[in-house]
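Data first, discussion second: the structure below is written as structure tokens.
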Amino acid sequence: MPVLVFGSVIADLVFALPQLPAPGLTVLGPGYAALPGGKGANQAVAAALDGAPTGFAGAVGEDAMAEVALAGLRGAGVDLGRLARVAAPTGCAAVCVDPAGRNQIAVGSGANLAARASQVEGGALSPATVLLLQMEVPPEENAALIRRARAAGARVVLNLAPAAAMPVEALGALDLLVANEHEAAWLAARLGCGADAAGLRAALGIDVAVTLGEAGAEAATGSSPLRVPAFPVAAVDTTGAGDAWCGVLAAALDRGWPLEAAMRRASAAAALSCTRPGAAAAMPQAAETEALLRRG
Ligand code: RIB
């Protein structure tokens with residue numbers, strides 16, 4: 001059973017800084033690294049390294065940055081047969097990271113705005129597919145693909161990151177919505193509901209998981225509420241932690257795991273991703289995640 005990710009692929013220019021910039025402030029750091037990123041690509045890398053056969057559909061330009069952006073996907077063995085090369089610059093992000101591992105990210109979307117749902121052929125969507133999407137490609141393309149995937153019986157998971165408007169009917173066609181607490185609050189304000197998983201589930205009628213950083217994650221489903229703890233680690237760079245969570249969750253769902261067990265594995269992988277620099281470059285191998293799960 002494959003995991004199919006439709007989403008962004010970005011070259012991250014990562015600056016390790018003594019403090020995060022503020023308006024009007026220039027902050028000097030010793031250097032920078034050009035690393036693979038983009039929420040979609042990061043999630044695909046996480047799923048593949050966790051052991052799921054994984055495909056990616058998205059768009060890059062015909063420039064040198066494309067190879068930086070694609071390096072993580074290539075290294076993890078993700079199927080790139082649905083990748084588009086378009087006449088726009090490859091997406092690029094400035095990722096600033098402070099000594100506590102916190103980040104501030106600015107994204108130039110570039111080619112990601114040309115990602116199209118039509119890149120995913122009908123045959124790729126079936127009850128055997130776990131389709132994973134995020135919000136760094138055009139929302140209307142996400143909505144179109146969600147509708148098709150739903151009609152084909154695929155299992156559809158949307159990570160609402162970064163928060164952006166989606167038709168409520170497309171959200172209601174999901175099997176699972178994943179949001180962090182800020183994204184959950186943003187969506188709840190629009191829907192006029194409670195900002196926790198239960199409030200969002202009641203408003204949308206679908207299962208909802210909310211990641212809570214060091215407080216773990218919660219989910220509301222048709223049965224009893226779920227809560228999993230975070231795995232405490234010494235964080236050096238939290239960039240991509242949410243992507244690790246989503247990608248590994250999708251891989252576990254693809255293996256047929258129940259949601260609670262999948263969330264626990266996702267939380268372990270997210271914790272590990274915080275212990276090294278970069279986004280796609282920080283995604284753990286399945287054996288590392290399993291070792292952390294055994295240690296508890
Ligand atoms: O979630 C982290 C990612 O967000 C980074 O890799 C950056 O590219 C932005 O898309």
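The values are calculated or read from the model by the stated rules, or taken from the named source; none is laboratory data. Since this is a predicted model, take the numbers as computed values, not measurements. With ideal geometry, Cβ positions are generated from the backbone for all residues, glycine too; neighbour counts draw on all protein chains shown. Calculation scope for accessible area: heavy atoms of the full protein, side chains included, ligands and nucleic acids excluded. Shrake-Rupley method; radii C 1.70, N 1.55, O 1.52, S 1.80 Å.
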Mind checking the full-extension length gain between Ala144 and Thr26? Use 0.36 nm per residue of separation minus the Cα-Cα distance, one decimal, nm.
38.3 nm
Evaluate the distance, in nm, between pseudo-label points positioned 7 Å from the Cα of Gln104 and of Ala202 along their respective Cα→Cβ axes.
3.8 nm
What number comes out for accessible area per residue over the chain if the probe is 1.4 Å? Units Å², please.
39 Å²
For the pair Ser223 and Glu169, what calculated FRET efficiency results from E = 1/(1 + (r/R0)^6), where r is the Cβ-Cβ distance and R0 = 25 Å, to the nearest 0.05?
0.50
What's the Kirkwood radius of the chain in Å, using all Cα pairs?
18.7 Å
I'd like the Karplus ³J(HN,Hα) series for region 175-189: coefficients 6.51, -1.76, 1.60, θ = phi - 60°, whole numbers in Hz, and an x wherever there's a Gly or Pro.
8, 8, 9, 10, 9, 8, 5, 6, 5, 4, 5, 4, 5, 4, 5
Please give, to one decimal in nm, the separation of the simple spin-label points placed at Val236 and Ala64, each 7 Å out from Cα toward the Cβ.
2.7 nm
Which order do Val168, Val60 take by accessible area at a 1.4 Å probe, largest first?
Val168, Val60
From the phi of every residue in region 113-127, what ³J(HN,Hα) in whole Hz does the Karplus formula 6.51 cos²θ - 1.76 cosθ + 1.60 yield, where θ is phi - 60° and glycine or proline is x?
6, 9, 5, 10, 4, 5, 5, 9, 6, x, x, 7, 10, 8, x
In whole Å and largest first, what semi-axes does the C-alpha gyration tensor of region 7-161 yield when each eigenvalue is scaled by 5 and square-rooted?
30, 15, 15
Please report how far the C-alpha centroid of region 187-227 lies from that of region 106-171, rounded to the nearest whole angstrom.
20 Å
Rounded to a whole number, what % of the accessible area of the chain do carbon and sulfur atoms account for, probe 1.4 Å?
57 percent
Looking only at Leu80, Leu259, Leu28, which one moves most when the chain is put into a Gaussian network model with springs between Cα atoms under 10 Å?
Leu28
Suppose a student asked you for the relative contact order of region 107-146, using Cα pairs under 8 Å spaced at least 6 residues apart; what percent would you report?
56 percent
What number, in percent, do you get for the relative contact order of the chain if the mean sequence gap of Cα pairs under 8 Å and at least 6 apart is divided by its residue count?
19 percent
Per residue of the chain, what 222 nm ellipticity follows from adding -39500 (n - 2.57) for every DSSP H run with n ≥ 4, rounded to the nearest 500?
-10000 deg cm²/dmol
Can you give me the relative contact order of region 191-296 as a percent, contacts being Cα pairs under 8 Å and 6 or more apart?
22 percent
Residue with peak Gaussian network fluctuation, the chain [Cα springs, cutoff 10 Å], from Leu125, Leu20, Leu174:
Leu20
Net charge (Lys, Arg +1; Asp, Glu -1) of residues whose beta-carbon lies under 10 Å from that of Gly216, Gly216 excluded, is 0
